[in-house]
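Engineer: So that we are looking at the same thing, I have put the structure below in structure tokens.
The values are calculated or read from the model by the stated rules, or taken from the named source; none is laboratory data. These numbers come from a predicted model, not from an experiment. Backbone-built Cβ (ideal geometry, glycine too); neighbour counts: all protein chains shown.
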Amino acid sequence: MGPLRLGTVLFALILTLSAGVEEALAQGCSTPCVGPRRGSLMAVGGGTIPEDIYRRFLRMAGGPDARIVLIPTAGAEDGSHDAWTALERLRDAGARRIEVLHTRNRRIADLEAFAGPLGDASGVWISGGRQWRLSQVYLHTRTHQELQGVLDRGGVVAGNSAGASALASFLVRGARDTNEVLVEPENQEGFGFLRQVAIDQHLMARGRENDLMELLRTHPQLLGLGLNEGGALIVTGDLAEVVGARVAVYDVTDPLHLLPLRWLAPGSVYDLGARTVILDGAEEPTPTEWPPTGSPPTGFPRTAPPADAPSSPDPASRADPAPP
């Protein structure tokens with residue numbers, strides 16, 4: 001595509017989005033605008049998770065004697081690989097009091113007796129798999145209410161992979177049959193702990209770095225967050241800290257960027273409500289040539305990868321066997 005044609009396409013795209021951008025910028029909200037009013041969230045990008053992230057979660061929950069609840073329901077099987085890995089790694093991090101909470105039945109999830117362990121918990125870890133299983137079972141049930149209660153008491157709710165996507169108000173990849181469909185019209189509501197947000201994960205490893213741009217075409221009011229494997233975003237109020245690996249932020253309301261994408265390095269702090277960087281981590285990578293893992297969406301040139309991009313996008317090379 002020549003420079004003139006590319007400029008024309010981008011200009012047309014901006015005009016298309018302008019009405020939605022104006023609406024999104026005009027939205028008012030109380031503080032915090034996006035994140036939890038109390039407590040903290042940890043959204044983890046899947047893959048091999050560094051021990052530091054588990055240790056950070058445990059410290060946020062109150063230390064080794066904190067009551068931790070592990071929710072493995074996103075997994076295809078009751079004893080899924082991701083759930084057992086999380087249990088082992090949390091124990092390795094020092095957790096002494098872990099209870100597993102799991103059902104496939106919404107009626108059971110809505111029982112006070114079932115959700116009871118969450119009433120004493122100061123930390124919850126929702127492991128990976130497929131996010132539709134989480135929304136199908138827990139959305140708008142007593143369990144969902146008790147998860148909010150953990151936050152209201154000042155605790156921490158963490159989600160890994162599919163669990164990370166479920167934390168947001170807009171649920172991506174909620175289709176039952178495939179994880180390749182970004183928006184499933186019949187299942188696009190998440191737990192809503194992050195308001196007006198959509199979270200994708202395994203971003204670079206699975207060639208998903210352009211997908212949230214497509215979502216913003218039809219939902220320009222949303223803030224998109226793309227998590228890389230081995231990294232996490234820790235949210236307290238509206239402030240989000242990047243840990244372990246770079247995070248992609250997708251925002252069509254940003255007047256300073258032609259493309260609705262910016263990369264945040266580990267150590268960065270981002271204000272989700274103001275949609276602005278508070279603290280820069282490492283320097284941004286220098287753009288380089290990079291073989292694409294898929295075709296970029298129409299109107300968007302392929303962006304250069306961050307420094308933590310995997311050397312091969314081959315799914316067979318990944319440690320996580322349960323794609324969300």
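Engineer: Being among the polar types (S, T, N, Q), touching a helix residue (DSSP H, G or I) at 6+ places or on another chain (Cβ under 6 Å), under 30 Å from T143 (Cα atoms) and surrounded by 24 or more Cβ atoms within 10 Å (Cβ to Cβ) is true for just one of Q201, Q221. Which residue is that?
Structural biologist: The unique qualifying residue is Q201.
Engineer: Select, from Q136, Q148, the only residue that is polar (S, T, N, Q) and touching a Pro at 6+ places or on another chain (Cβ under 9 Å).
Structural biologist: Only one candidate passes the filter, namely Q148.
Engineer: Oh, and also: Residues that are in contact with a strand residue (DSSP E or B) (Cβ under 7 Å, 6 or more places away or on another chain) and surrounded by 16 or more Cβ atoms within 10 Å (Cβ to Cβ): find the helices (runs of 4 or more DSSP H) completely inside region 40-113 holding 3 or more of those.
Structural biologist: Because the criterion is at least 3 residues that are in contact with a strand residue (DSSP E or B) (Cβ under 7 Å, 6 or more places away or on another chain) and surrounded by 16 or more Cβ atoms within 10 Å (Cβ to Cβ), the helices (runs of 4 or more DSSP H) in region 40-113 that meet it are 51-61, 81-92.
Engineer: Right, another one. Of everything in region 141-153, what is within 20 Å of the chain's Cα centre (by Cα) and either aliphatic (A, V, I, L, M) or assigned to a loop (DSSP other than H, G, I, E, B) (or both)? Give them in sequence order.
Structural biologist: Selection gives L147, V150, L151.
Engineer: What number goes with the only condition from (1) modelled with pLDDT of 95 or more; (2) assigned to a loop (DSSP other than H, G, I, E, B) that L258 does not pass?
Structural biologist: Just one mismatch for L258, condition (1).
Engineer: Within region 189-233, how many residues are polar (S, T, N, Q), touching a residue at least 60 places away in the same chain (Cβ under 8 Å) and outside any loop (DSSP other than H, G, I, E, B)?
Structural biologist: 1
Engineer: Being under 17 Å from G155 (Cβ atoms), outside any strand (DSSP E or B) and within 24 Å of the chain's Cα centre (by Cα) is the filter here; which residues of region 116-137 pass it?
Structural biologist: L118, A121, S122
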